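Colleague: Structure incoming, see below.
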Amino acid sequence: MRTLKPAVRWGRSGWVVFFVAAGVLGFELSLMRVLLVASWHHFAFLVISIVLLGFGASGTALSLFRTRLLPHGEGVLFALVLATATSMPVCLGVAQHVPIEARFVPALMWRQIAFWILYWSLLGIPFFVGAGAIGLALMTAGQNVGRVYAANLLGSAAGLMLATAAMSLTPPQWLPLWMGGLVLGGGVGSQPTFLRRRIVATVVCVGVVAALCVTDPPHIRLDPYKYGAYVRRLERQDQAKRVAAAYGPRAVVEAYSSELFHDLPFLSVGMAPPAMMTLLADGHAAGSVLEITRPEDAEVMDFCLMAFPYDLAPANPGVLLLGEGGGTNVWLAARHRAEAIHVVQPDANLVSLLHGPVRDHGGSVLDLPAVHLVTTEPRHFVEHTGERFDLIQFVTLESSAAGSGGVRGLAEDHLITVEGIGAAFRRLTDDGLLVATRGIQTPPRDNFKLLATFAAALRRDGVARPAHHVVVVRDYLAVCTIAKTTPWTPQQIERVRRACAERELTPIWFPGIRPDEINRPDVMDGPPDEQGDWYHYAATRLLSPTPERFIADWPFDIRPPTDDRPFFLDFCKVARLDELKRAFGDLWLTRTELAFPFVLAAIAVVGIAGAVLTIVPLLLVREYRYAGGLGSILAYFAAIGLGYMLLEMTFLSRLTHWVGDPISAAAVTIGGFLLSSGLGSLSAQKYRGKPTRLIRAVVVGLILIGLLELMVIPALAGAVGSLPYPARCGSAFGAVLPLGYLMGFPMPTGLARLDRAAPATIPWAWGINGFASVIATPTAIAIGMSVGYTTAGGVALAMYVVPGLLFARLPRKT
């Protein structure tokens, strides 16, 4: 292979790489925040794949044009940095004018797909040029490649922290502009020389961005199917007004007022509710705020299905509302003279709106004497509080069917799992009630899965016959599932019968239910030759000693979610899609839960793109055709990319229970991996012994520590979760530190080996690692959704066996 003298010294490029990596990672998080507001969870997840695809594609481009780029390395590096900074705000601004939609309509599918390809292509440009700058620096680093790679990891960690902090200070649509400024100020400012033409180019790019911000200010185009899009249409028509907004890593929270708002969940009568405000979190409805000041004015709440459990609860109950947003359920509890009302709301911004700008519009509900407000994750609260309650209500479930194309099926929910519901059961008094109310679906799946999870949690706590502990009723809008840790007594069942009759509710299940009580007064379809509806049919089987048969036969995935597989809103069974096609014809796509197929499609598309772009250099670059060890290079760097991302995604899910907050857990986990891997890369750079022996020792240590932590972390969740918040974050970082440190060795050590023996393959190896990381992200989620994250972690550790075996086969210096 021909050797070219690098045109950039590593010391000059180290700071450039640091700032570019920081900006690119910050831009990645900014895009995820923007897409969570604009669209749905699974499109925000795709950002990770687009990022890594850009990194892989940059490696391919560097491979193809290596001989032309290296003699002009310093100038090319400057151009790539400037293009990275400029493209971040420009590409996002242009992408907001592409008419994308989250739900695919069969008649418009190909048009919608074309718009999505254009959209993602625009957003991929900053990652492509940013990764090109980092890859070029690696190509020119020589034996200092470990230091440059460490600068990449450490810069990424810094970008993570900066972007997370910036989310609380500015609207998400402005974040890409600040990340571009970080790259411009740090990356361009770190350049060793400033020629006149470079100054002119910088001024021109800054002028272009400034002109764009003036003529088309940064904004977020909401998906037309989101509730927030409807509210914005009202605002444009002067029929709604935004009263306040707050920003943060968790969500953009907004409060709107309008005379047209009448949104109370599961209100079953024609009684007009009082004036109200609507809260939005990332464009989703987050609660209604009744503009009243006394419980007497909240009479309308007595006609919601959530009022039914109060007919069965003890007098003056102690109430726990998990995830309460606007305070409507607080008014309901106050009307029933609750002795204490504990409100658990994880978003501090939502609470600040209720205590601040919305206070005089009904937010004062949180100031009622009986209310005790706690700002934390509901799962963390039920696991670590010492209080016991007469009624615990899962407010987070009080919405219509999740069966809306499966658009939220990729969202992890650590509260609605067998372990989470079990923790809530343990917070009940002896006759306390655990309550969940959820909208009716056709075909049913949400409420089936919820009942299966309640039953599994009871069995896990030693209840042999959960059918004696559960009451399920419905009206024509929703299903209310109520469970106790003690069996229902005959006297309590009579209260259930009287309450159903008074409220004209339809019993689905309670101990001793009679045939003449089933499927009336609201008649719904049921199985052929069965007297009851589908809900009663499912209840008799899910509460039986052998629910597995029904769970396996139902066309949707209603397996009880667990901490290892925390996807309550995923209902897809890929093997049963043909049945849905036959049942719904051309409309099957609108009735299908698409979350899991979406992940599989992402794996397929990215895998094909990665394979093509990885093979292209082998076909077009003559130096590669005569190089040896290409198979070992491919397997070595692909295994590192797969293993790293699979393990990171696994620990991200697992450590959420330790930290007690998913946003903090993500910052600690991802930042910890990046920081400790950067330190590992620096240590690898300083190592002067035999690299083969080093990599094998690192792999053995990594596998042993990884297996130990995968077993120990769930067992220690209770003990660590009871610690103060800083100690929980510190414990999570401590769990990540040894793994990340060891994971920082294989990549720079392999690149240093290539720099000595086959430097032309460095960008190719960089691209392979990027493509493998792309595939790893959806693969981790697919494994987590199907069999659990523990399996994903095991696969990740198995991947690290490959570099241990193949390092000795990488090209040697000749």
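Colleague: Kindly check whether there is at least one residue in the stretch 125-142 that is open to solvent by 10 Å² or more (accessible area, probe 1.4 Å) and over 25 Å from Gly610 (Cα atoms).
Modeller: yes
Colleague: Another one. Consider the stretch 561-577. How many of its residues are touching a residue at least 60 places away in the same chain (Cβ under 8 Å) and charged (D, E, K, R)?
Modeller: To start, the set of residues in the stretch 561-577 that are touching a residue at least 60 places away in the same chain (Cβ under 8 Å) comprises 561-572.
Next, only the ones that are charged (D, E, K, R) stay: 563-565, 570.
Matching residues across the stretch 561-577 total 4.
Colleague: Separate question: Name the one entry in Ile508, Ile482, Ile513 that is among the aliphatic types (A, V, I, L, M) and within 17 Å of Ala313 (Cα to Cα).
Modeller: Details: Ile508 fails: within 17 Å of Ala313 (Cα to Cα); Ile513 fails: within 17 Å of Ala313 (Cα to Cα).
The unique qualifying residue is Ile482.
Colleague: Just to check your reading of the model, which residue among Leu368, Leu397, Leu373 is open to solvent by less than 10 Å² (accessible area, probe 1.4 Å) and of a type outside the set (Asp, Glu)? Reasoning before the result, please.
Modeller: On the way: Leu368 fails: open to solvent by less than 10 Å² (accessible area, probe 1.4 Å); Leu373 fails: open to solvent by less than 10 Å² (accessible area, probe 1.4 Å).
Sole residue among the options that is open to solvent by less than 10 Å² (accessible area, probe 1.4 Å) and of a type outside the set (Asp, Glu): Leu397.
Colleague: Considering only residues that are within 18 Å of Tyr535 (Cα to Cα) and either out of contact with any helix residue (DSSP H, G or I) (no Cβ under 8 Å at 6 or more places or on another chain) or in contact (Cβ under 8 Å) with a residue 60 or more places away in the chain (or both), which ones fall in the stretch 480-498?
Modeller: Cys480, Ile482, Val496
Colleague: Additional query: Can you pull out the residues in the stretch 275-285 that are closer than 15 Å to Val365 by Cβ and among the small types (Gly, Ala, Ser)?
Modeller: Ala275
Colleague: Tell me whether the stretch 147-165 contains one or more residues that are over 30 Å from Lys686 (Cβ atoms) and touching a residue at least 24 places away in the same chain (Cβ under 8 Å). Even if it seems obvious, please write down each step before you answer.
Modeller: Kept after step one, since they are over 30 Å from Lys686 (Cβ atoms), are these residues of the stretch 147-165: 163-165.
After this cut, where a residue has to be touching a residue at least 24 places away in the same chain (Cβ under 8 Å) as well, the list is 163-164.
Yes, there is a match, as at least one residue in the stretch 147-165 is over 30 Å from Lys686 (Cβ atoms) and touching a residue at least 24 places away in the same chain (Cβ under 8 Å).
Residues are listed down the side, and each one gets a yes or a no for (1) open to solvent by 20 Å² or more (accessible area, probe 1.4 Å); (2) in a helix (DSSP H, G or I); (3) β-branched (Val, Ile, Thr):
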{"residue": "Leu182", "(1), (2), (3)": "yes, yes, no"}
{"residue": "Arg197", "(1), (2), (3)": "yes, yes, no"}
{"residue": "Cys205", "(1), (2), (3)": "yes, yes, no"}
{"residue": "Pro217", "(1), (2), (3)": "yes, no, no"}
{"residue": "Arg233", "(1), (2), (3)": "yes, yes, no"}
{"residue": "Arg242", "(1), (2), (3)": "yes, no, no"}
{"residue": "Phe261", "(1), (2), (3)": "no, no, no"}
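Colleague: Consider only pairs whose beta carbons are under 9 Å apart and that are at least six residues apart or on different chains; among these, list those whose first residue lies in the stretch 197-211 and is under 15 Å from Thr84 (Cα atoms) and whose second residue is outside any helix (DSSP H, G or I) and hydrophobic (A, V, I, L, M, F, W, C).
Modeller: Filtered contacts from the stretch 197-211: Thr202/Phe194.
Colleague: Give the stretch 311-333 a look and list any residue that's open to solvent by 20 Å² or more (accessible area, probe 1.4 Å) and part of a helix (DSSP H, G or I), or say none.
Modeller: Residue satisfying the conditions is Asp311 alone.
Colleague: I need a count of the residues in the stretch 649-684 that are more than 20 Å from Phe381 (Cβ to Cβ) and open to solvent by 30 Å² or more (accessible area, probe 1.4 Å).
Modeller: Qualifying residue count, the stretch 649-684: 6.
Colleague: Still on this structure, I have one more. For Val300, are the conditions met, namely being more than 23 Å from Arg388 (Cβ to Cβ), modelled with pLDDT of 90 or more and either open to solvent by less than 10 Å² (accessible area, probe 1.4 Å) or part of a loop (DSSP other than H, G, I, E, B) (or both)?
Modeller: Details: more than 23 Å from Arg388 (Cβ to Cβ): yes; modelled with pLDDT of 90 or more: yes; either open to solvent by less than 10 Å² (accessible area, probe 1.4 Å) or part of a loop (DSSP other than H, G, I, E, B) (or both): yes.
The answer is yes for Val300.
Colleague: When both residues are 6+ apart or on different chains and their Cβ atoms are under 6 Å apart, which pairs have a first residue that lies in the stretch 220-233 and is aliphatic (A, V, I, L, M), and a second that is assigned to a loop (DSSP other than H, G, I, E, B)?
Modeller: Between residues of the stretch 220-233 that are aliphatic (A, V, I, L, M) and residues that are assigned to a loop (DSSP other than H, G, I, E, B), the close pairs are Leu222/Gly283; Ala229/Leu222; Val231/Ala240.
Colleague: Of the residues Ala229, Ala150, only one is touching an Asp or Glu at 6+ places or on another chain (Cβ under 7 Å) and either buried (at least 17 other Cβ atoms within 10 Å of the Cβ) or hydrophobic (A, V, I, L, M, F, W, C) (or both); which?
Modeller: Ala229
Colleague: Here's something else I'd like to know. State whether one or more residues within the stretch 659-679 are under 22 Å from the mean Cα position of the chain (by Cα), among the charged types (D, E, K, R) and part of a loop (DSSP other than H, G, I, E, B).
Modeller: yes
Colleague: Could you grab the pairs with beta carbons closer than 7 Å, sequence gap of 6+ or different chains, first residue in the stretch 339-357 and closer than 22 Å to Arg242 by Cα and aliphatic (A, V, I, L, M), second one open to solvent by 40 Å² or more (accessible area, probe 1.4 Å) and not in a strand (DSSP E or B)?
Modeller: Short answer, once both residue conditions are applied: Ala348/Thr375; Val351/Thr375.
Colleague: I want to confirm something. Restricting to the stretch 553-597 and keeping residues that are open to solvent by less than 60 Å² (accessible area, probe 1.4 Å) and among the aliphatic types (A, V, I, L, M), which single residue is modelled with the highest pLDDT?
Modeller: Looking at the filtered set, the residue picked out is Ile558.
Colleague: Pick out, from the stretch 345-441, the helices (runs of 4 or more DSSP H) lying fully within it that include 2 or more residues that are under 24 Å from the mean Cα position of the chain (by Cα), closer than 27 Å to Leu267 by Cβ and of a type outside the set (A, V, I, L, M, F, W, C).
Modeller: none
Colleague: Another question, if that's okay. Just for strands (runs of 3 or more DSSP E) wholly inside the stretch 447-539: which have at least 2 residues that are surrounded by fewer than 21 Cβ atoms within 10 Å (Cβ to Cβ) and among the aliphatic types (A, V, I, L, M)? Full working, then the answer.
Modeller: On the way: elements: 470-474, 478-483, 506-509.
Passing ranges: none, list empty.
Colleague: Now for a different question. Whether any residue in the stretch 680-691 is under 30 Å from Leu46 (Cα atoms) and either out of contact with any His (no Cβ under 8 Å at 6 or more places or on another chain) or modelled with pLDDT under 85 (or both) is what I want to check.
Modeller: yes
Colleague: Still on this structure, please answer the following. Is it fair to say Leu267 is surrounded by fewer than 21 Cβ atoms within 10 Å (Cβ to Cβ) and within 20 Å of Glu504 (Cβ to Cβ)? Outline the logic, then answer.
Modeller: Numbers: surrounded by fewer than 21 Cβ atoms within 10 Å (Cβ to Cβ): yes; within 20 Å of Glu504 (Cβ to Cβ): yes.
The answer is yes for Leu267.
Colleague: Kindly indicate the residue of the stretch 244-259 that is small (Gly, Ala, Ser) and closer than 19 Å to Ala229 by Cα and also surrounded by the fewest Cβ atoms within 10 Å (Cβ to Cβ) among those meeting that condition.
Modeller: First pass over the stretch 244-259, keeping only residues small (Gly, Ala, Ser): 244-246, 248, 251, 255, 257-258.
From what is left, the residues that are closer than 19 Å to Ala229 by Cα are 244-246, 251, 255, 257-258.
Values: Ala244: 20, Ala245: 15, Ala246: 19, Ala251: 24, Ala255: 26, Ser257: 18, Ser258: 17.
Ranking the candidates gives Ala245 first.
Colleague: Yes or no: Thr692 in contact (Cβ under 8 Å) with a residue 40 or more places away in the chain, crowded, with 19+ Cβ neighbours inside 10 Å, hydroxyl-bearing (Ser, Thr, Tyr) and part of a helix (DSSP H, G or I)? Steps first, answer last, please.
Modeller: On the way: in contact (Cβ under 8 Å) with a residue 40 or more places away in the chain: yes; crowded, with 19+ Cβ neighbours inside 10 Å: no; hydroxyl-bearing (Ser, Thr, Tyr): yes; part of a helix (DSSP H, G or I): yes.
Taking the combined requirement at face value, the residue does not satisfy it.
Colleague: Looking only at the stretch 406-429, which residues are out of contact with any His (no Cβ under 8 Å at 6 or more places or on another chain) and among the β-branched types (Val, Ile, Thr)?
Modeller: Selection gives Ile416, Thr417, Val418, Ile421, Thr429.
Colleague: Next up: What residue, of Ala501, Ala456, Ala464, is of a type in the set (A, V, I, L, M, F, W, C) and within 17 Å of Ser268 (Cβ to Cβ)? Even if it seems obvious, please write down each step before you answer.
Modeller: Working: Ala456 fails: within 17 Å of Ser268 (Cβ to Cβ); Ala464 fails: within 17 Å of Ser268 (Cβ to Cβ).
Among Ala501, Ala456, Ala464, only Ala501 is of a type in the set (A, V, I, L, M, F, W, C) and within 17 Å of Ser268 (Cβ to Cβ).
To keep it simple, each residue is scored yes or no on (1) open to solvent by 40 Å² or more (accessible area, probe 1.4 Å); (2) among the aliphatic types (A, V, I, L, M); (3) without any contact (Cβ under 8 Å) to a residue 12 or more places away in the chain.
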{"residue": "Gly59", "(1), (2), (3)": "no, no, no"}
{"residue": "Leu69", "(1), (2), (3)": "no, yes, no"}
{"residue": "Glu74", "(1), (2), (3)": "no, no, no"}
{"residue": "Pro89", "(1), (2), (3)": "no, no, no"}
{"residue": "Gln96", "(1), (2), (3)": "no, no, no"}
{"residue": "Leu108", "(1), (2), (3)": "yes, yes, yes"}
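The values are calculated or read from the model by the stated rules, or taken from the named source; none is laboratory data. All values derive from a computational prediction rather than experimental measurement. All Cβ positions, glycine included, derive from the backbone under ideal geometry; neighbour counts span all protein chains shown. Surface areas here come from the heavy atoms of the whole protein model, side chains and all, with no ligands, DNA or RNA. Shrake-Rupley method; radii C 1.70, N 1.55, O 1.52, S 1.80 Å.
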